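The values are calculated or read from the model by the stated rules, or taken from the named source; none is laboratory data. Keep in mind the model is a prediction, meaning the values are calculated, not measured. Reconstructed Cβ throughout: ideal geometry from the backbone, glycine too, with neighbour counts over all protein chains shown. Surface areas here come from the heavy atoms of the whole protein model, side chains and all, with no ligands, DNA or RNA. Shrake-Rupley method; radii C 1.70, N 1.55, O 1.52, S 1.80 Å.
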Amino acid sequence: MLKAMGNTIPYSRQKISKEDIESVKEVLESDFLTQGPIVPIFEKKVSDIVGAQYGVAVNSATSALHIACLALGLSSDDYLWTSANSFVASANCGLYCGSKVSFIDIDPNTYNISLEALKMKLVNAEKNNLLPKVIVTVDFAGQSCQMDEIKKLSEKYKFKIIEDASHAIGGKYREAKIGSCKFSDITIFSFHPVKIITTGEGGMALTNDSELAELMSQFRSHGITRNKELMKRKDPELYHYEQINLGFNYRMSDIVAALGISQLSQLVPFVEKRNQIAKKYNELLIDLPLKLPTIKDECFSSFHLYVVRLMTEKCSITHKELFHTLRNRGIGVNLHYEPIHLHPYYANMGFKRGDYPESEKFSSEAISLPIYVSLSDSEQNQVVNHLYEIIY
């Protein structure tokens, strides 16, 4: 059996059971490996669990973001806005469509899009006729953005909402399950191994709009349809198909969908365990000069990440020193995220340090501590003990 190299305690990792392995084995021994019956079952199960009408499974959340933008008609004439504090895919999906991209700074407590910054940016954009066609909200670490307020703004300023909930399956906002699309046009989940549940690689786009679901289904599979009502042929044969859009090969296979179905059965206990780990961290780290996660009353976080901020004004150690010392001791901390606008590719577009100060300050203080379902009490205690030893 292959063992992971490097860090003794990683910041995150998957948990694969015997049942998961058996589910994949069944598909491997079946007649279909790719476009068989399992992917639609996985789509239906995810949709039913979160309360959405349609699910479109793809090979990654990045692909899901791309087809979501395509389905919403994003083009070179348009702007896409997203959080400055996210993985680059939340912005890259706009560039894939040829659109222009801009960012919104974050709330200093939740690290999601700042509602005040968004309102101000929308007012200025309206004056200059530069309103976005699409805003990609990002549910950082598993906590929903203020989606009801953002939904109201979308109705006022006529933009579409893609909720990037890659971190957040299993979470809730105002008692609505994240993924229900109550406050968004399309919601995106990720099933990467470090996420809440995994298909190895994989993602899904959820929507309540049948036209968007149909378009995304086409875009994930070369732009091809077998729907007779959409074909140009007047009397197509059963075996006929037509390419009616320029699409991509973003399909999910039955092999990974089977793993997803099996993992989905553990979604609730997985999220409960993550919340238990977060609660223990909250109790044990209270005496350290760390800013602990803030969860708003209307939110239930899936706690994909547990991020603390080092209050450097209250200690002698720097953020860099703490990060490297923890890693040298076998604690696999990470940074989520380097602000998107500071990456060289985006800096070459004209973005610069100082454009989104809250996101920049956050990245200079934030450390993601280990949190995953199989993290043991003794391992979590090791993380905490090292923090106390290093900081004091």
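Worth a mention:
- For region 200-213, the count of residues that are over 18 Å from TYR54 (Cα atoms), out of contact with any Cys (no Cβ under 7 Å at 6 or more places or on another chain) and either assigned to a loop (DSSP other than H, G, I, E, B) or of a type in the set (D, E, K, R) (or both) is nonzero.
- Every pair of residues 6+ apart whose Cβ atoms lie under 7 Å, when the first sits in region 149-172 and is on the phi > 0 side of the Ramachandran plot while the second is among the aliphatic types (A, V, I, L, M) and assigned to a loop (DSSP other than H, G, I, E, B): GLY170/ILE196
- Answer residue from region 234-266, given it is of a type in the set (Gly, Ala, Ser) and buried (at least 17 other Cβ atoms within 10 Å of the Cβ) and is farthest from GLN14 (Cα to Cα) among those: GLY247
- Flag for GLU229 being out of contact with any helix residue (DSSP H, G or I) (no Cβ under 9 Å at 6 or more places or on another chain), assigned to a helix (DSSP H, G or I) and open to solvent by 70 Å² or more (accessible area, probe 1.4 Å): yes
- Pairs where the first residue, in region 55-72, is more than 7 Å from GLY203 (Cα to Cα) and the second is hydroxyl-bearing (Ser, Thr, Tyr) and surrounded by 24 or more Cβ atoms within 10 Å (Cβ to Cβ), C-beta under 8 Å, 6+ apart: VAL56/THR207; LEU65/SER90
- Residue tally, condition buried (at least 24 other Cβ atoms within 10 Å of the Cβ) and either part of a loop (DSSP other than H, G, I, E, B) or not hydrophobic (A, V, I, L, M, F, W, C) (or both), over region 73-88: 6
- In the condition set (1) open to solvent by 10 Å² or more (accessible area, probe 1.4 Å); (2) of a type outside the set (S, T, N, Q); (3) farther than 28 Å from ARG13 by Cα; (4) over 16 Å from the mean Cα position of the chain (by Cα), GLY223 is compliant with all but (1).
- Of all residues making up region 303-324, the number that are in contact with a Ser or Thr (Cβ under 7 Å, 6 or more places away or on another chain), within 23 Å of SER86 (Cβ to Cβ) and free of Cβ contacts under 8 Å to residues at least 60 places away in the same chain: 1
- Subset of region 369-390 that is in contact with a helix residue (DSSP H, G or I) (Cβ under 8 Å, 6 or more places away or on another chain) and not in a helix (DSSP H, G or I) - its residue that is nearest to ILE16 (Cα to Cα): VAL373
- Qualifying positions in region 325-367 - assigned to a helix (DSSP H, G or I), open to solvent by less than 20 Å² (accessible area, probe 1.4 Å) and hydrophobic (A, V, I, L, M, F, W, C): LEU326, ILE340, PHE362
- You will find that of ILE135, ILE49, the residue that is of a type in the set (Val, Ile, Thr), farther than 19 Å from ASP355 by Cα and at pLDDT 95 or above is ILE49 and no other.
- Flag for SER60 being open to solvent by less than 40 Å² (accessible area, probe 1.4 Å), of a type outside the set (Val, Ile, Thr) and under 14 Å from the mean Cα position of the chain (by Cα): yes
- Within region 325-337, residues that are farther than 28 Å from ASN112 by Cα sit with their Cβ atoms under 7 Å from residues that are open to solvent by 50 Å² or more (accessible area, probe 1.4 Å), at 6+ positions apart or across chains, in these pairs: GLY330/ASN7; GLY330/THR8.
- Scan region 144-180 for residues that are buried (at least 24 other Cβ atoms within 10 Å of the Cβ) and either in a loop (DSSP other than H, G, I, E, B) or β-branched (Val, Ile, Thr) (or both) and the total you get is 12.
- Listed by first and then second residue, the pairs linking a residue in region 113-126 that is under 12 Å from SER102 (Cβ atoms) to a residue that is basic (Lys, Arg), with Cβ atoms under 9 Å apart and 6 or more places separating them unless they lie on different chains, are LEU122/LYS156.
- Top-ranked residue in region 267-323 [being assigned to a loop (DSSP other than H, G, I, E, B) and β-branched (Val, Ile, Thr); ranked as most open to solvent (accessible area, probe 1.4 Å)]: ILE286
Let's see how each residue does on (1) under 26 Å from SER217 (Cα atoms); (2) open to solvent by less than 80 Å² (accessible area, probe 1.4 Å); (3) of a type in the set (A, V, I, L, M); (4) within 26 Å of the chain's Cα centre (by Cα):
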| site | (1), (2), (3), (4) |
| --- | --- |
| ARG13 | no, no, no, yes |
| GLU22 | no, no, no, no |
| LYS25 | no, no, no, no |
| ASP31 | yes, no, no, no |
| GLY36 | yes, yes, no, no |
| VAL39 | yes, yes, yes, yes |
